[in-house]
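**Student:** Please read through the structure below; I'll follow up with questions.
Readers should treat all values here as calculations from the given coordinates under stated rules, not as data from a laboratory. Because the structure is a prediction, the values reported are computed rather than measured. Because the Cβ atoms are built from the backbone with ideal geometry, glycine has one as well, and the counts that use them run over all protein chains shown.
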Amino acid sequence: MKNLRTALILSLLAALPVLGVPVAQKAFATDPTPAVTARDVTASGRPAFTGAEGLTVQEAPPIPKDATDDRRRQRNYPEQPPVIPHQIVGYQLDLRANKCLTCHAREFTGDSQAPMISVTHFQDRDGQVLGAVSARRYFCLQCHVPQTDVQPRVPNSFRDVDSVIREKDAAAKGGE
């Protein structure tokens, strides 16, 4: 009898959070759930719970394809990590395997004709040279990114360091 009573009490206690959710939602609700109107739904059929008048869900543009021409891109500033000029979809890059190293590791560059990873990837944080890639440089996608040929979504006024130097030199020569 005692075991039955204990089991009943435990099952009621376990059910309390589930039973209390609707009560808690009503007790702590500050804003009523917004009503979905025709204005809030686009062709996708998803409501836009924006809370602002006139805003609707906008479909995201398709993800651009990666550049796959294997052409090295010019870097915009010294020490910029090179971008990845080839497809990397499906590459395994985790604690067990690094697909990038099957071409870019020193011992495979002769066959693959890929550039060898920088010697800086063989240094630990204290500058000690290691025999293998440093653990802090193992996950390539922390710094290297695939290249796509798209226009920026937000206009910017970025200029590479060479153009800044040329403009400065031209202004100095013009001011003499």
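**Student:** Taking the Cβ of C103 as the center, what net charge do the other residues with Cβ under 13 Å away carry, scoring Lys and Arg +1 and Asp and Glu -1?
**Tutor:** Every neighbour counted, the sum reads -1.
**Student:** How high is the FRET efficiency between K173 and R72 when r is their beta carbon distance and R₀ equals 25 Å, given to the nearest 0.05?
**Tutor:** On the way: r = 32 Å, r/R0 = 1.28.
Using R0 = 25 Å, I get an efficiency of 0.20.
**Student:** For Q123, what is the net charge nearby, where nearby means another residue's Cβ is under 15 Å from its Cβ and Lys, Arg count +1, Asp, Glu -1?
**Tutor:** With Lys, Arg at +1 and Asp, Glu at -1, the net is +1.
**Student:** 5 Å is the cut-off here: which amide hydrogens, built 1.01 Å from N in the peptide plane, fall below it relative to Q123, excluding neighbours closer than 5 in sequence?
**Tutor:** For Q123, the qualifying residues are L130, S134.
**Student:** Something else now. May I ask you to evaluate 6.51 cos²θ - 1.76 cosθ + 1.60, the Karplus curve with θ = phi - 60°, for each residue of the range 114-127 and list the ³J(HN,Hα) values in order in whole Hz, giving x for glycine and proline?
**Tutor:** Going residue by residue, I get 7, x, 6, 4, 4, 4, 5, 6, 9, 10, 7, 5, 8, x Hz, with x marking Gly and Pro.
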